[in-house]
Amino acid sequence: MKHIEVSDEIYEALKAFGQSPNEVLTHLLQGQSEAAKTGDPLSGFTRSPAFRALHTDADRYLGILGFIYKYHGPDFRDFVEHLSSRRKYFGASPEEILETSKHNQARQIPHSPYWAIMNIDTATKRRFLRRALEYVGYPDATIQHTITLVGRSR
């Protein structure tokens, strides 16, 4: 076995995954390799160090929504416009989301002009991710893998 040197910060970050640093690095490298083979950028994103550094459900949910917007902006816009509900789950501003309930919390979706309601349960976050990913055309296996990343403890 070879030995590598990493900073204390990187070592602590690797330990945070609950596996040995070797297992974490192996998984990351295999994930990037699989994404390259399949040409599936979403799988590559969800296996990336940037995504794996997102530790809360809220951050992972927003990260995936941000990915969808970044790679499928026009389709994501259509998805948001076609949602029909008394409660506003996505909006162009936090005020738009707060209009339907004073108790809503909103955060901006990365890489987008949209905001998402945040005080929803894990099942609802997964349901919206599934609907958005279906809308932009991802296959069911990719969708199933992606939505399980929200709500899974790290």
State the label only: which of (i) 18.5; (ii) 16.8; (iii) 16.3 corresponds to Kirkwood radius over Cα pairs in Å computed from the shown model?
(ii)
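Determine the sum of side-chain charges near Val24: Lys and Arg each +1, Asp and Glu each -1, restricted to other residues whose C-beta is under 9 angstrom from that of Val24. Provide the component values of the computation, followed by the final result.
Numbers: positive: Lys15, Arg52; negative: Glu23.
Here the charged neighbours net out to +1.
Tally Lys/Arg at +1 and Asp/Glu at -1 over every other residue whose Cβ is under 14 Å from the Cβ of Glu134; what's the total? Kindly include the intermediate steps, with their values, before the conclusion.
Details: positive: Arg126, Arg127, Arg130, Arg131; negative: Asp75, Asp78, Asp140.
Once positives and negatives cancel, what remains is +1.
About the Cα centre of the chain, how large is the charge dipole given +1 on each Lys and Arg Cβ and -1 on each Asp and Glu Cβ? Please answer in debye to the nearest 20.
Numbers: 20 positive and 18 negative charges, 78 e Å.
Once rounded to the nearest 20, the dipole reads 380 debye.
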Taking the chain as a Gaussian network, Cα atoms linked when under 10 Å apart, which of Asp75, Asp121, Asp59 shows the biggest mean-square fluctuation?
Asp121
Per GNM of the chain with C-alpha springs under 10 angstrom, the most fluctuating residue out of Glu95, Glu12, Glu81 is Glu12
Which one, Phe51, Ser84, Phe128, projects farthest toward the positive side of the charge dipole computed for the chain from Cβ point charges (K/R +1, D/E -1)?
Ser84
Using alpha carbons only, how many angstrom separate the centre of the range 45-103 from the centre of the range 119-154?
11 Å
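Where a number appears in this text, it was derived from the coordinates with a stated rule and is not lab data. Here the structure is a predicted model, which is why all the values come from computation and not from measurement. Using ideal geometry, Cβ is built from the backbone for each residue, glycine included, and neighbour counts are taken over all protein chains shown.
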